[in-house]
Amino acid sequence: MELALLESFENYIDAHIIAGRLENEGIQCWLKDENTVTVTPFFSNAVGGIKLMVAADQVEQAKQLLHQFLMEKKSNLACPYCGSHDIELLPSDKPMNMLGAIGTWLVGRYAISTDNEWTCYNCQKKFKEPVDTSKEGQGGEEQNS
Ligand SMILES: [Zn+2]
């Protein structure tokens, strides 16, 4: 079967969550380079992270679903300052190249790309953690397949 690259992830948790959701929608998924990344997270950038591969003839459908998941996720997140949902996770101003990654590694931080920041387009503020509005007013029900 022919495979196509859908998306690269920097950690296996994200990759597994997305792969699981796509499989629920009938998309066949494979995770490539997963072992390399898990064993040596420092080289995550070098190998391009974990690649989520899908069947080539399902890639368009998978892209749409992926977009939908991201929109769903985003629609639950709000700016902690003004409550706007018009927010986006952006890389911080610092360029993260291999040299930066090595520096990050040398000072003992595990994750390479923790320098992303959320930006609110409404109030222009930047923040590390958006408010998850999906947790409000729920009876703690988790969907399990
Ligand atoms: Zn705001």
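The values are calculated or read from the model by the stated rules, or taken from the named source; none is laboratory data. Note that this is a predicted model, so its numbers are computed, not measured. Side chains included, ligands, DNA and RNA excluded: accessible areas come from the protein's heavy atoms. Shrake-Rupley method; radii C 1.70, N 1.55, O 1.52, S 1.80 Å.
General remarks:
- Extension gain, Lys126 back to Glu88 (0.36 nm per residue minus Cα-Cα distance, nm): 12.7 nm
- Per-residue accessible area (protein heavy atoms, 1.4 Å probe) orders Tyr81, Tyr121 as Tyr81, Tyr121, starting from the largest.
- Of the whole protein surface, Phe9 contributes about 30 Å² of accessible area at a 1.4 Å probe radius.
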